[in-house]
Amino acid sequence: YYPNIIKSLVSGFFMQVAHRAVGGHYVTVKDNQVVHLHPSCVLDDKPDWVVYNEFVLTSRNYIRLNTRIMGDWLVDIAPHYFDLANFPPGDAKRELETLYRRMHARNNSKKLR
């Protein structure tokens, strides 16, 4: 049931998602702002995708109250928001393109069965 709880969080906070970029920092998905996990974050590693509750502006941009998510959930839960035609270029868009390709390949393989 745990993934279902996180998916429900994603359905409410899909606009507050960040992707880990090369170099270890994160980039907010829609506006490409460089952010870092807040020092109070208890995630034991740096997941590829996180949903966050707060954007904290100090000497660095931090995201706080983070939860690890699967990128595939974004295109399943909010395809209208993650429409690549209206997406700014950047790392997040490239990752989303990969997710969409993987999703289409998975759907095509299901149709062949």
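The values are calculated or read from the model by the stated rules, or taken from the named source; none is laboratory data. It should be emphasised that the depicted structure is a prediction, and the values quoted were computed from it without experimental measurement. All Cβ positions, glycine included, derive from the backbone under ideal geometry; neighbour counts span all protein chains shown.
The set of residues in segment 70-93 being touching a strand residue (DSSP E or B) at 6+ places or on another chain (Cβ under 6 Å) and either of a type in the set (A, V, I, L, M) or modelled with pLDDT of 90 or more (or both) consists of Gly71, Ala92.
Applying the selection to segment 65-75, what residues are of a type outside the set (Val, Ile, Thr) and surrounded by 15 or more Cβ atoms within 10 Å (Cβ to Cβ)? Within segment 65-75, Leu65, Asn66, Met70, Gly71, Trp73, Leu74 qualify. No other residue among Thr58, Thr98, Thr67 is modelled with pLDDT of 85 or more and more than 24 Å from Asn4 (Cα to Cα) apart from Thr58. Looking across segment 40-54, the residues that are part of a loop (DSSP other than H, G, I, E, B) and in contact (Cβ under 8 Å) with a residue 24 or more places away in the chain come down to Ser40, Cys41, Leu43, Lys46, Pro47, Asp48, Tyr52, Asn53.
Taking segment 55-78 as the range and being in a loop (DSSP other than H, G, I, E, B) and closer than 15 Å to Val29 by Cβ as the test, the residues that pass are Asn66, Met70, Ala78.
Would you mind stating whether Leu37 is buried (at least 18 other Cβ atoms within 10 Å of the Cβ), over 20 Å from Tyr2 (Cβ atoms) and touching a residue at least 24 places away in the same chain (Cβ under 8 Å)? Full working, then the answer.
Values: buried (at least 18 other Cβ atoms within 10 Å of the Cβ): yes; over 20 Å from Tyr2 (Cβ atoms): yes; touching a residue at least 24 places away in the same chain (Cβ under 8 Å): yes.
Here the answer is yes, as Leu37 does meet what is asked.
Each residue in segment 79-113 was checked for being among the acidic types (Asp, Glu) and assigned to a loop (DSSP other than H, G, I, E, B), and 1 pass.
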